[in-house]
Amino acid sequence: MAKPDNRADNVEHLQKAVQNTLQNLHEGEDYLAEHADEIGSTEFNQVRSKNERRREAIQGFRSEIKDEAHKND
């Protein structure tokens, strides 16, 4: 039997996801700031691309948070 769909804590889970993604984004930026002259262009570009995807994910999470908050009004 499937569990019922409980969305009561969706906003909380989304906010945690935003915080975790922001932390990873900052760690990536710090890594590039500290090691940009030591790493190859491939690794540099991979970290930059990953950070861009993180920024997009954060925007998506924030949009979902707004949607969920309006549903709970």
Per the helix-only model, the chain has a calculated mean residue ellipticity at 222 nm (DSSP H runs of ≥4, -39500 (n - 2.57) each, divided over all residues, rounded to the nearest 500) of -28000 deg cm²/dmol
Counting only heavy atoms of protein chains, what accessible area per residue, in Å², does the chain have with a probe of 1.4 Å? 80
Note down the nm distance, to one decimal, between modelled labels 7 Å out along Cα→Cβ at Leu22 and at Ala2. 3.4
With point charges of +1 on the Cβ of Lys and Arg and -1 on the Cβ of Asp and Glu, referenced to the Cα centre of the chain, which listed residue (Leu14, Ser41, Met1) lies farthest in the positive direction of the dipole? Met1
Cα-based Rg/(2.2 N^0.38 Å) for the chain, rounded to two decimals, is 1.49
Please list Glu68, Glu43, Glu56, Glu38 from largest to smallest accessible area, probe radius 1.4 Å, with all protein chains kept in place. Glu38, Glu56, Glu43, Glu68
What spacing in nm lies between the two simple spin-label points modelled at Ser41 and Ala69, each 7 Å away from Cα in the Cβ direction? 4.3
What is the magnitude of the charge dipole of the chain about its Cα centre, with +1 placed on the Cβ of each Lys and Arg, -1 on the Cβ of each Asp and Glu, and no other charges, expressed in debye to the nearest 20? 380
Candidate lysines - alpha carbon under 21 Å from Lys16, same-chain residues fewer than 8 apart omitted: Lys50, Lys66, Lys71
Taking the 0 to 90 degree range and rounding to the nearest ten, how far is the long axis of helix 10-35 tilted relative to the main principal axis of the chain, both from C-alpha atoms? 0
Run the accessible area of the chain with a 1.4 Å probe and give the carbon-and-sulfur part as a rounded percent. 46
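The values are calculated or read from the model by the stated rules, or taken from the named source; none is laboratory data. Please read all numbers here as calculations on a predicted model, not as lab measurements. Methodologically, a virtual Cβ is constructed for each residue, glycine included, from the backbone with ideal geometry; neighbour enumeration extends over all protein chains shown. Note: accessible area is taken over every heavy atom of the protein model, side chains too, but ligands, DNA and RNA are not part of it. Shrake-Rupley method; radii C 1.70, N 1.55, O 1.52, S 1.80 Å.
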